[in-house]
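These notes concern the structure reproduced below.
The values are calculated or read from the model by the stated rules, or taken from the named source; none is laboratory data. Since the model is a prediction, treat every value here as computed from it, not as a measurement. Cβ placement follows ideal geometry from the backbone for every residue including glycine, while neighbour counts extend to all protein chains displayed.
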Amino acid sequence: MSSPATGFCLRGVCVEYGASAALREVDLEIEPGEVVAFVGPSGAGKSTALGLCNGMVCPTSGTVRLDGEDLCGLPAARLRALRSRIGLIPQELGLVGNLRVSQNVLAGRLGRRGALAGLRPLIHARRGELTEVLEILDRLGIGEKLFHRVDTLSGGERQRVAIARALYQEAGVLLADEPLSALDPARARETLTLLLAVAREEGLTLILSLHDIDLARELVGRLVGLRAGRVVFDRRREDVTDDDLRHLYQLEGDERVG
């Protein structure tokens, strides 16, 4: 069972790295249970925006609130508790290749337990824990891979293991940073469709950064276009026009940010 869905509110957010601005004056609200994709060219600030949503990045100015709590103004213990409700699927997936699929998925609850209690399932998982993991993997179509080493899996299978880990975490939010980047077009469509179905069935808030604008425009309900760290548009997919996209991707060289 996942945690209750979580909403975000960004107000006047700027993120600067030295003389470079990754985000500039961003105002954004994401409701609990909503699905949103950040789209735009490389260097537009998409990954930085995702980092704000789980407290890995703090704004230089402005505020980021998670269900009303300022993520960068919290004691460490409270921040850890909130982050345990946020499932992150990083671009590089963050899986341990020489461990089994079951162990990688079981690691999803490390943030909810003390160090020793968290490591115990990785060394000796109980039958009930393995059953729960298997049910999630079956749902994602890779139940037969339960005891396989991750480094023997295909790219699409590894992507599903990362999704399974986030689901086992019982998060109320999934953040996915370029989850389709290493996949061929057919696998990319399949993976995005799967993520959207899981979010809908579990009532999760899902926030993605995507390069594939065609898939995003076809499948994701709300698109936030970022260019040079600024929000260019924030619309339902059916309201995004070809002119919007031409403007989004026609960047001057000196507008690119980190």
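Within region 63-78, restricting attention to residues that are of a type in the set (Gly, Ala, Ser) and over 21 Å from the mean Cα position of the chain (by Cα), the residue that is farthest from Ala49 (Cα to Cα) is Ala77. Considering every residue within region 175-183, establish whether at least one is of a type in the set (A, V, I, L, M), modelled with pLDDT under 90 and assigned to a helix (DSSP H, G or I). No: region 175-183 contains no residue that is of a type in the set (A, V, I, L, M), modelled with pLDDT under 90 and assigned to a helix (DSSP H, G or I).
Scanning region 197-254 for residues that are out of contact with any strand residue (DSSP E or B) (no Cβ under 6 Å at 6 or more places or on another chain) and of a type in the set (S, T, N, Q), we see that the one that is nearest to Val35 (Cα to Cα) is Thr241.
Only one of the numbered conditions (1) small (Gly, Ala, Ser); (2) crowded, with 22+ Cβ neighbours inside 10 Å; (3) in contact with a Lys or Arg (Cβ under 8 Å, 6 or more places away or on another chain) is violated by Gly62, and that is (2).
Residues are listed down the side, and each one gets a yes or a no for (1) touching a Cys at 6+ places or on another chain (Cβ under 9 Å); (2) among the polar types (S, T, N, Q); (3) without any contact (Cβ under 8 Å) to a residue 24 or more places away in the chain:
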{"position": "Ser20", "(1), (2), (3)": "no, yes, no"}
{"position": "Ile30", "(1), (2), (3)": "yes, no, no"}
{"position": "Ala37", "(1), (2), (3)": "no, no, no"}
{"position": "Leu74", "(1), (2), (3)": "no, no, yes"}
{"position": "Arg78", "(1), (2), (3)": "no, no, yes"}
{"position": "Arg83", "(1), (2), (3)": "no, no, no"}
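Test Arg165 against the criterion of being over 27 Å from Pro41 (Cα atoms), touching a residue at least 60 places away in the same chain (Cβ under 8 Å) and in contact with a strand residue (DSSP E or B) (Cβ under 8 Å, 6 or more places away or on another chain), and give yes or no. Considered against the rule, which asks whether it is over 27 Å from Pro41 (Cα atoms), touching a residue at least 60 places away in the same chain (Cβ under 8 Å) and in contact with a strand residue (DSSP E or B) (Cβ under 8 Å, 6 or more places away or on another chain), Arg165 comes out as yes. Of everything listed in (1) free of Cβ contacts under 8 Å to residues at least 40 places away in the same chain; (2) more than 27 Å from Cys14 (Cβ to Cβ); (3) surrounded by fewer than 17 Cβ atoms within 10 Å (Cβ to Cβ), the single unmet condition for Leu192 is (3). Before we move on, is Gly55 farther than 30 Å from Arg126 by Cβ and touching a Leu at 6+ places or on another chain (Cβ under 6 Å)? Judged against the criteria, Gly55 is a match.
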